[in-house]
Amino acid sequence: MKKIVLLGLLAIGFTWESNAQNVLDGAYIKQHSTSRRVIPYTHLREADVMWSKRVWRTMDMREKMNHPLYYPITRINDRRSLIQVTRDAVLEGVITAYSTDDDEFKVPLSTTEVEKIGVKEYEMEVENPDTYEMEIQKIKEDFKPENVKRWQLKEDYFFDKQKSELDVRTIGICPLLENYDDAGEYRGDVPMFWIYYPEIRMVYANAEVYNSSNDSERRTIEDIFWGRMFATTIYKENNVYNRLISEYKDGLDALLEGQRIHEEIRDWEQDLWEY
């Protein structure tokens, strides 16, 4: 009789454990976003490009429009932030990260080099609870995704005379890590690495972001970039001096200069047509 009761309890425990492992967090199984494919770029010939301009932009995650790319700070089951998705893809060897010495993707970085970026190791004097004596201990702080509040984008605008339209393609992206000294004072942003954007598009196409209007229509990071649903400011355009806007404009004037460049690109297309 005891054996029968014991076997019954084991069976109930096994059934409960199996059910616990198969709990569905939601009303249905999500399959759409996990099997997305990227929209291929249309074929572009050099002969079809009658005008082009290269610009560099800054995307500030503190702007409300960019919040879906910055949050969540702590990863959850179905969502990660832009920096978490990008860094995970690099550390898993899915994509290649390039040095910040230039933005031409010439010097690839190893996963070990990328893993060390943003990780702090220092020594601190702490009290030993057994001997009550002060000892030197090594402290290690892991990478903090919340410290990446800005990104740099490298983009090419061009007019395709075959389609008679102005188009833009993102060439590269670079996360900027906030730098703090030992006293906790902010010392500016430090570029982490450059990513060749066409290489990471497939990763972004399967990474969901939050949609405040509809939980069942989750967009992906690739949707955000493809639809240009983010806010940026231009900090450089291709020029003979290869200089930044900040080198000849300050403060509000630099912001207005970036806006002037953006409107100049938009007006170039409008000036082609007669109404």
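The values are calculated or read from the model by the stated rules, or taken from the named source; none is laboratory data. Everything quoted here is computed from the prediction, not taken from an experiment. Ideal geometry is used to build each Cβ from the backbone, glycine not excepted, and the neighbour counts take in all protein chains shown. Surface areas here come from the heavy atoms of the whole protein model, side chains and all, with no ligands, DNA or RNA. Shrake-Rupley method; radii C 1.70, N 1.55, O 1.52, S 1.80 Å.
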| query | Is it the case that the range 113-132 has a residue that's surrounded by 12 or more Cβ atoms within 10 Å (Cβ to Cβ), small (G, A, S) and closer than 30 Å to I265 by Cβ? | reply | no
| field | Flag for D103 being closer than 21 Å to T232 by Cα and of a type outside the set (A, V, I, L, M) | value | yes
| request: Kindly indicate whether any position in the range 192-211 is loosely packed, with under 11 Cβ neighbours inside 10 Å, more than 22 Å from K106 (Cα to Cα) and not acidic (D, E). | output: no
| query | So R266 clears everything in (1) open to solvent by less than 80 Å² (accessible area, probe 1.4 Å); (2) more than 29 Å from D101 (Cβ to Cβ) except one condition, right? Which one? | reply | (1)
| query | Are any residues in the range 65-86 β-branched (V, I, T) and either under 13 Å from the mean Cα position of the chain (by Cα) or surrounded by 14 or more Cβ atoms within 10 Å (Cβ to Cβ) (or both), and if so, which ones? | reply | I73, I83, V85, T86
| task | Of the conditions (1) surrounded by 14 or more Cβ atoms within 10 Å (Cβ to Cβ); (2) touching a Gly at 6+ places or on another chain (Cβ under 7 Å), A89 clears all except one; give me its number. | result | (2)
| without any contact (Cβ under 8 Å) to a residue 24 or more places away in the chain, under 16 Å from Q152 (Cβ atoms) and of a type in the set (G, A, S) - does that describe any residue in the range 215-237? | no
| field | When residues of the range 250-259 are limited to those that are surrounded by 15 or more Cβ atoms within 10 Å (Cβ to Cβ) and not hydrophobic (A, V, I, L, M, F, W, C), the one farthest from R57 (Cα to Cα) | value | E257
| remark: When G188 is run through (1) open to solvent by less than 80 Å² (accessible area, probe 1.4 Å); (2) over 21 Å from N66 (Cβ atoms); (3) modelled with pLDDT under 90, the failure sits at (2)
| message | Under 8 Å between Cβ atoms, which residue pairs at least 6 apart in sequence (or on different chains) link something in the range 92-118 that is over 28 Å from V55 (Cα atoms) with a partner that is open to solvent by less than 80 Å² (accessible area, probe 1.4 Å) and assigned to a helix (DSSP H, G or I)? | response | G93/T111; T111/V90; T111/L91; E115/L91
| Do you know which residues across the range 157-213 are basic (K, R) and farther than 17 Å from R228 by Cα? | K161, K163, R187
| Scanning the range 149-161 for residues that are under 16 Å from the mean Cα position of the chain (by Cα) and open to solvent by less than 30 Å² (accessible area, probe 1.4 Å), which turns out farthest from P198 (Cα to Cα)? | W151
